[in-house]
1. Between LYS95, LYS7, LYS36, which is part of a helix (DSSP H, G or I), open to solvent by 60 Å² or more (accessible area, probe 1.4 Å) and under 28 Å from MET116 (Cα atoms)?
2. Could you please let me know if GLN72 is without any contact (Cβ under 8 Å) to a residue 12 or more places away in the chain, assigned to a helix (DSSP H, G or I) and open to solvent by 60 Å² or more (accessible area, probe 1.4 Å)?
Amino acid sequence: CMSGGLKFRLDIPQIISAVDGADDLAVFAMSEQVLKDSNFYCKRDQDGLIDSSITNSDTANGIIKWDTPYAQRQYFLEAAHTDKNPNAQYMWFDKAKDVHLDEWNKVYENAFKRGMRH
């Protein structure tokens, strides 16, 4: 007499590897979007701040970094010239986060789902 039961053996290392890979993809995708959106509001005089973020950020590991001697001072200095970037303002990352956080979460979710399908 058959009981009709089912039994599955889970390949835990493979599952963990798939989740880790999907997370890596999602962190990269979201970090790239965070960098782009933040630089939309970044102060721009001679492009040094924005250029430094592109060359010094490690989006694969979720690290966004503006690396100039004046970055921190400019971040908190309320004055912002808007001739080269009409959207420029102080605390540009915080502004981008206020405006785009829900979108960033969706970018992460969508990239994670794509990563899990592969």
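1. LYS36
2. yes
The values are calculated or read from the model by the stated rules, or taken from the named source; none is laboratory data. As the structure is a computational prediction, the values presented were derived from the model and not from experiment. Counting neighbours? That spans all protein chains shown, and the Cβs are built from the backbone with ideal geometry, glycine included. What goes into the accessible areas is simple: the full protein's heavy atoms, side chains included, and nothing from ligands, DNA or RNA. Shrake-Rupley method; radii C 1.70, N 1.55, O 1.52, S 1.80 Å.
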